Amino acid sequence: MIGYGTGVALTLLSSSFFGLMGLFNKIAGEGGLGLYERITLRFLVSALILALVLKLQGKNLAIPKHLTLKLLVASSLFFGGTSFLLFLSYAYIPTSLTTTLHFIYPLLVLILAMAFDKYRPTGRQKWGTLLSLVGLYLAVRPSTTSSANQLLGIILALGSALTFCLYVRFLNNDEVKSLDNTLLMFHILLSAGAAWALPTLVHLGTTEHLPIVWAKAVGGIAGLSVLSTVLGCSFFSLGIRTIGSEKASILSVFEPVTAIVAGVLILGERLPSTFSLGSVLIILGSYLVSRTKATHTLPTKTRRIIKDEQ
């Protein structure tokens, strides 16, 4: 039985691992791996690790055949699309800004629930929405030095929040949620890796490859797959079971905090003067949107997924 303190530590570690994704992506890129290679290798290496875990646990890797196509489409377009947009946005804006903007996805989940599920938001969620929108403006506040590339990076980061929101809604399907969590993640990662392997092979066959710096390439992919994917998801799941989803969701705010610290101290990123206040408002607003009283919740499984998949 995991103790409370261990649960807190695991949750903090998971959030930190997620927040370091931008750093690991940059290291892998400096190692000579292209965008498509980073995405595909992250998925396939993570899937291989989970396959070994499932085999050691004596579990069957098969899933219902009628879910195979659905998982392939959702994994490649929504889950894979999220990584593509995130990694691409890193090339145009600071990784800390990308992570903070991506963290607005709970607001998008709420908006879609209102539009398609006839959900009525609580007062707390309305305040959270307002804070997120104000924070969004402050975080990306235009300046005289703003460029078209910066605008593109912001659009890509917000696009990653939208694709992740659609991924969350897909996972809300009863058939999907009935699957073992590790088995589900294995098939999502495997499907995404298989789908993104095709553009990767096309790209490798049509462009000249950069020299590989093996230490950085292996280190970056190891960070992306082992830390920011397998351990990040596993530790967060264990944290939820130990300290509860509410407290785990509070600690998940360390994801953008970690990204900001790593971006500024390690990558030397420079941020808008109003970014700090904007990021705090986005994080607080996202927390208020996803945290509701029991009598006024989002659809139960949707709310749980918002917390489990951060």
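On a 1.4 Å probe surface of the protein chains, which of Val280, Val289, Val253 comes out largest in accessible area, and what is the full order? Display every interim value, and only then the final one.
Numbers: Val280 85, Val289 0, Val253 30 Å².
The ordering from most to least exposed comes out as Val280, Val253, Val289.
Projected onto the charge dipole of the chain (+1 at Lys/Arg Cβ, -1 at Asp/Glu Cβ, origin at the Cα centre), which of Leu238, Ala139, Leu151 gives the Cα projection farthest towards the positive end?
Leu238
As a test of reading the structure, rank Ile2, Ile111, Ile39, Ile154 by solvent-accessible area (1.4 Å probe, protein chains only), most first. Spell out each step's value before the answer.
Numbers: Ile2 60, Ile111 80, Ile39 0, Ile154 30 Å².
Sorted descending by solvent-accessible area, the residues read Ile111, Ile2, Ile154, Ile39.
Given a 1.4 Å probe and the protein chains all in place, what does the accessible area of Ile49 round to, in Å² to the nearest 10?
Here the residue's solvent-accessible area equals roughly 50 Å².
For the pairs Lys55/Lys177; Lys59/Lys247; Lys59/Lys177, flag any whose C-alpha to C-alpha distance is greater than 25 Å.
On the way: Lys55/Lys177 21 Å; Lys59/Lys247 31 Å; Lys59/Lys177 17 Å.
Pairs exceeding the cut-off: Lys59/Lys247.
Can you tell me the FRET efficiency between Ser273 and Asp117 if r is taken as the Cβ-Cβ distance and R0 is 30 Å, rounded to the nearest 0.05? Let's see the in-between values first.
Details: r = 39 Å, r/R0 = 1.30.
After rounding, the FRET efficiency stands at 0.15.
Rounded to the nearest 500, what is the chain's calculated 222 nm mean residue ellipticity when only DSSP H runs of at least 4 contribute -39500 (n - 2.57) each, over all residues? Walk me through the numbers on the way to the answer.
Working: 17 runs with 221 residues, N = 310.
Helix-only estimate at 222 nm: -22500 deg cm²/dmol.
Take the chain, mark every one of the trypsin sites (Lys or Arg not before Pro) that falls in a DSSP loop and has at most 10 other Cβ within 10 Å, then report the longest stretch left between them, sites excluded. Display every interim value, and only then the final one.
Working: sites that count: Lys118, Arg270, Lys293.
That would be 119-269.
Would you check the accessible area of Ser147, probe 1.4 Å, heavy atoms only, in square angstrom rounded to 10?
50
Please work out the average accessible area per residue across the chain, using the 1.4 Å probe convention, and give it in Å².
Details: 14450 Å² over 310 residues.
Roughly 47 Å² per residue, with all protein chains present.
Pop the C-beta distance of Lys65 and Tyr4 into the FRET formula with R0 = 51 Å and round what comes out to the nearest 0.05. List each step's numbers first, then the result.
Details: r = 42 Å, r/R0 = 0.82.
Efficiency computed from Cβ-Cβ geometry: 0.75.
Carbon-plus-sulfur fraction of the accessible area of the chain, 1.4 Å probe, in percent? Could the numbers behind the result be given before it?
Working: 9880 of 14450 Å².
The nonpolar share, carbon plus sulfur, comes to 68 percent.
Restricting to Cα pairs below 8 Å that are 6+ residues apart, what does the relative contact order work out to for the chain? Please round to a whole percent.
Working: 453 pairs, mean separation 139.0, N = 310.
Relative contact order here is 45 percent.
Once you sort the root eigenvalues of the Cα gyration tensor of the stretch 182-241 as a ≥ b ≥ c, which label holds: rounded (a/c under 1.5), prolate (a/b larger than b/c) or oblate (the other case)? Numbers along the way, then the final one.
Numbers: a/c = 5.15, a/b = 1.65, b/c = 3.11.
Because a/c hits 1.5 or more and a/b fails to exceed b/c, the stretch 182-241 counts as oblate.
First measure r as the distance between the Cβ atoms of Glu175 and Leu201, then evaluate 1/(1 + (r/R0)^6) with R0 = 35 Å and state the FRET efficiency to the nearest 0.05.
Details: r = 32 Å, r/R0 = 0.90.
Efficiency, rounded to the nearest 0.05: 0.65.
The values are calculated or read from the model by the stated rules, or taken from the named source; none is laboratory data. Computed from a prediction, not measured in an experiment: that's the story for all the values here. All Cβ positions, glycine included, derive from the backbone under ideal geometry; neighbour counts span all protein chains shown. Protein only, heavy atoms only, side chains kept; ligands, DNA and RNA dropped before computing areas. Shrake-Rupley method; radii C 1.70, N 1.55, O 1.52, S 1.80 Å.
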